[in-house]
Amino acid sequence: MSKDELKKVSDTKVSKTYKKGDAIFEEGERLDGVFCVRDGVSKLSKLSSNGKDQIIKLATKGEILGQRSVIAEESANLSAVAIKDVDLCFIPKESILHTLNTNPNFAVEVLRHMANDLREADDVIVNMSQKTVKQRIAEAFIYLKNEFGEDENGFLKLSLSREDMSNVVGTATESTIRIISEFKKKGMIETSGKQVRIKDLVKLQNVVSGL
């Protein structure tokens, strides 16, 4: 965008804050604009036919939410819920669509962003179909470590509830609890309440690799 275009978009944006557990938008809702994550983490999920949530993605700083629905002028295909307190910038639909129609370079960048989202969705499908639940849970712990880091005591900075972990990997909560217990017994991880610390990264990586 040019400086003038950036200023016009910036003048229309509104800052919003959502507390942990707050819904940013719901599946099926008509969105009046897009959300840009300034800080925090939210989960993007879709409700399956059996009423279970499947978490498609964890959206962090710099991510954009709702752009596909706004551009396609369709209802939201996913729900977005804060899993940590989230600060967002809301940009009205009219501002986004005007820039898309008048700036080809911006339109190309938006297409690239949406193509990346499709690639990530493809990866989710492959993981669900080709990897065991145990592999997916081990991979999820490694992802949380690499993406969000650890605190001064070595615990993962972002800890998912057992239910959210189940919804990320696509299995029953009971299976997740059983596998996490197995990982603890084998010395791969340790827990303190809801907090998780990875004790043996190599063993977790071996599980992911099917060794």
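The values are calculated or read from the model by the stated rules, or taken from the named source; none is laboratory data. Not measured: the values here are computed from a predicted model. No Cβ is skipped: glycine too gets one built from the backbone with ideal geometry, and neighbour counts run over all protein chains shown. Quick note on the areas: whole protein, heavy atoms, side chains included, nothing else; ligands and nucleic acids left out. Shrake-Rupley method; radii C 1.70, N 1.55, O 1.52, S 1.80 Å.
The alpha carbon centroids of region 1-70 and region 93-156 are separated by 13 Å. Remark: region 16-32, residue by residue, has Karplus-estimated 3J(HN,Hα) of 9, 10, 10, 7, 3, x, 6, 7, 7, 7, 10, 4, x, 7, 7, 9, 9 Hz, where x stands for each Gly or Pro and the curve is 6.51 cos²θ - 1.76 cosθ + 1.60 at θ = phi - 60°.
Please report the net charge: other residues with Cβ closer than 10 Å to the Cβ of Lys145, K and R +1, D and E -1. All intermediate terms of the calculation are to be shown ahead of the outcome.
Values: positive: Lys157, Arg197; negative: Glu147, Glu150.
My count for the surroundings of Lys145 gives 0.
Between helix 3-12 and the chain there is an angle of about 80 degrees, using the helix long axis and the longest principal axis of the Cα atoms. Highest GNM mean-square fluctuation, the chain, Cα pairs closer than 10 Å: which of Arg119, Arg30, Arg197? Result: Arg119 has the largest fluctuation of those listed.
The percentage of C-alpha pairs in region 69-120 whose separation is greater than 19 Å is 41%. To put it simply, the accessible area of the chain at a 1.4 Å probe is 51 percent carbon and sulfur. Stokes-Einstein diffusion for region 1-118, with the hydrodynamic radius set to the Kirkwood value over Cα pairs and evaluated at 10 °C in a medium of 1.306 mPa s, equals 108 µm²/s.
In plain terms, the bigger the Kirkwood radius, the slower the diffusion; for the chain, with that radius from Cα pairs, at 10 °C and 1.306 mPa s, Stokes-Einstein puts D at 85 µm²/s. Here the scattering of region 23-86 is modelled by Debye summation over its C-alpha atoms, one equal scatterer each and no solvent; at q = 0.26 Å⁻¹ the log10 of I(q)/I(0) is -1.14.
About the centre of its Cα atoms, the chain shows a dipole size close to 740 debye [charges on the beta carbon of Lys, Arg (+1) and Asp, Glu (-1) only; nearest 20 debye].
Ligands, DNA and RNA are left out, and with a 1.4 angstrom probe the accessible area of region 1-130 is 59 Å² per residue.
On full extension, the segment bounded by Ser161 and Val108 gains 15.3 nm, given 0.36 nm per residue less the C-alpha separation. Length, then width, then depth: along the principal axes, the Cα atoms of region 109-211 run 44, 31, 25 Å.
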